[in-house]
Amino acid sequence: MLKEEKYQKLKEIIKIYLPEDVAITDIEQESHFMNDLNINSANIVDIVLDVEDAFDIRLENEDMEKMQTVNDAMAIIDDKLAEK
Amino acid sequence: MKESYNWILNSLPYTEPFLFVNEILHVDDKGAEGTYRFSPDADFYKGHFKNNPVTPGVILTECCAQIGLVCLGIYLLGKKSEIGNMAIGMSSSQMEFLQPVFPGERVRVVSELVYFRFQKIKCEVKMYNEDDKLVCKGVLAGMIGIANE
C-alpha cells in the first residue's frame, strides 16, 4: 500500500471523530490528535479500533501511548503492517 | 456457592445521593446484571415533574451506567489489578426511553460488553421494570482506569 493511500485511509477514519469546529482540511501529518484536532481520549480509542479494522492490525497499550500525532499513527501502522 | 460481588460494590466511586446500584446479580467477562430501587424520597422527584414525580431519563441513564458499565469495568479491571484510585468518566450515551419509572419502583439493568480496550469501555444496556417490561435501552461508553498507574 502506498504511503499516500495509507494517509488518505487514516484521514477518512480521523474525519469521523473530528469535533464540529475542526475541518478535515485541518488534518496535517504533524497534527496532534488532542491538542491540534481537539479529539478526546475516548474518541482516540475509536480511531485506534477503526484503524485496526481498516488495516487488519492490532495495537497494544504501548502503541496507544506513542500515538500522539497523525505521523505517529502512520509510523505505527507501517510497523504493524511490516510485522505481518 | 454464589460468587460474592461485594468487592465490586465496595469499589464503586459513588455514594448517596448519587449511588444507583443496590445489588449485583451477575457479572462475567461479557456483561453485568444488577438491580436498583428508586427511593420515593429522592430529591429530584420534588422537581421532576411538579406534582407528578417521574424518574428523570438522565437518572435512568446513570443507573444503567453504574450497573452496566462501571460494575462491569471494575470486575474486568479487578481481575487484572488491585483497584486503587479509579479514574472514571462517561464519554458517550445514546438512549431510548420506552416506559416511565415512578418513585419506589425497582429496576433491573442488563449490560452486554461491546469492547473494553485502552481504558475505554462500551456496552449495550437494557433496563427492565418489575413486570419485565423494557424501560430503556441504549449504548453507553466511558473511560475507566487506575489513576497514577
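At-a-glance table
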read-out: Test: residue in the range B:95-106 that is more than 10 Å from every other protein chain (Cβ to nearest Cβ), under 23 Å from B:Tyr75 (Cα atoms), crowded, with 19+ Cβ neighbours inside 10 Å and under 17 Å from the mean Cα position of the chain (by Cα); value: no
read-out: The range B:126-149, subset away from chain A (no Cβ under 14 Å) and closer than 29 Å to A:Val48 by Cα, residue surrounded by the fewest Cβ atoms within 10 Å (Cβ to Cβ); value: B:Asn148
read-out: Filtered residue count, the range A:46-74, keeping only those that are within 10 Å of the chain's Cα centre (by Cα) and over 23 Å from B:Cys123 (Cα atoms); value: 8
read-out: Residues that are buried (at least 20 other Cβ atoms within 10 Å of the Cβ) and modelled with pLDDT of 95 or more, drawn from the range B:1-20; value: B:Phe20
read-out: The range A:13-45 - residue that is within 14 Å of another protein chain (Cβ to nearest Cβ) and in a helix (DSSP H, G or I) and, of those, nearest to B:Met90 (Cα to Cα); value: A:Ala42
read-out: Residue match in the range B:66-75 (condition: over 14 Å from the mean Cα position of the chain (by Cα) and in contact (Cβ under 8 Å) with a residue 24 or more places away in the chain); value: no
read-out: Filter result for A:Ile76 (within 14 Å of chain B (Cβ to nearest Cβ) and over 18 Å from B:Ser92 (Cβ atoms)); value: yes
read-out: Of the criteria (1) within 14 Å of chain B (Cβ to nearest Cβ); (2) buried (at least 16 other Cβ atoms within 10 Å of the Cβ), which one A:Glu60 fails; value: (2)
read-out: A:Val48 away from every other protein chain (no Cβ under 14 Å), β-branched (Val, Ile, Thr) and surrounded by 13 or more Cβ atoms within 10 Å (Cβ to Cβ); value: no
read-out: Boolean, B:Arg117 is of a type in the set (D, E, K, R), in contact with a helix residue (DSSP H, G or I) (Cβ under 8 Å, 6 or more places away or on another chain) and either within 12 Å of chain A (Cβ to nearest Cβ) or in contact (Cβ under 8 Å) with a residue 40 or more places away in the chain (or both); value: yes
read-out: Answer from B:Val58, B:Val125 - the residue that is β-branched (Val, Ile, Thr), over 20 Å from A:Ile44 (Cβ atoms) and in contact with a strand residue (DSSP E or B) (Cβ under 7 Å, 6 or more places away or on another chain); value: B:Val125
read-out: Residue in the range A:25-33 that is free of Cβ contacts under 8 Å to residues at least 24 places away in the same chain and either crowded, with 17+ Cβ neighbours inside 10 Å or farther than 21 Å from B:Met143 by Cβ (or both) present; value: yes
read-out: Inter-residue pairs, beta-carbon under 7 Å, first without any contact (Cβ under 8 Å) to a residue 24 or more places away in the chain and over 12 Å from B:Glu124 (Cα atoms) and in the range B:89-113, second surrounded by fewer than 17 Cβ atoms within 10 Å (Cβ to Cβ) and polar (S, T, N, Q), 6+ apart; value: none
read-out: Criterion violated by A:Leu10 - all others in (1) away from every other protein chain (no Cβ under 14 Å); (2) in contact with a Leu (Cβ under 8 Å, 6 or more places away or on another chain); (3) in contact (Cβ under 8 Å) with a residue 60 or more places away in the chain; (4) in a helix (DSSP H, G or I) satisfied; value: (2)
read-out: Candidates B:Cys123, B:Cys71 - the one that is more than 14 Å from every other protein chain (Cβ to nearest Cβ), crowded, with 16+ Cβ neighbours inside 10 Å and closer than 18 Å to B:Gly34 by Cα; value: B:Cys71
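The values are calculated or read from the model by the stated rules, or taken from the named source; none is laboratory data. What you see is a predicted model; the values in this text were computed from it and never measured. Here Cβ is always computed from backbone atoms with ideal geometry, including for glycine, and neighbour counts include all displayed protein chains.
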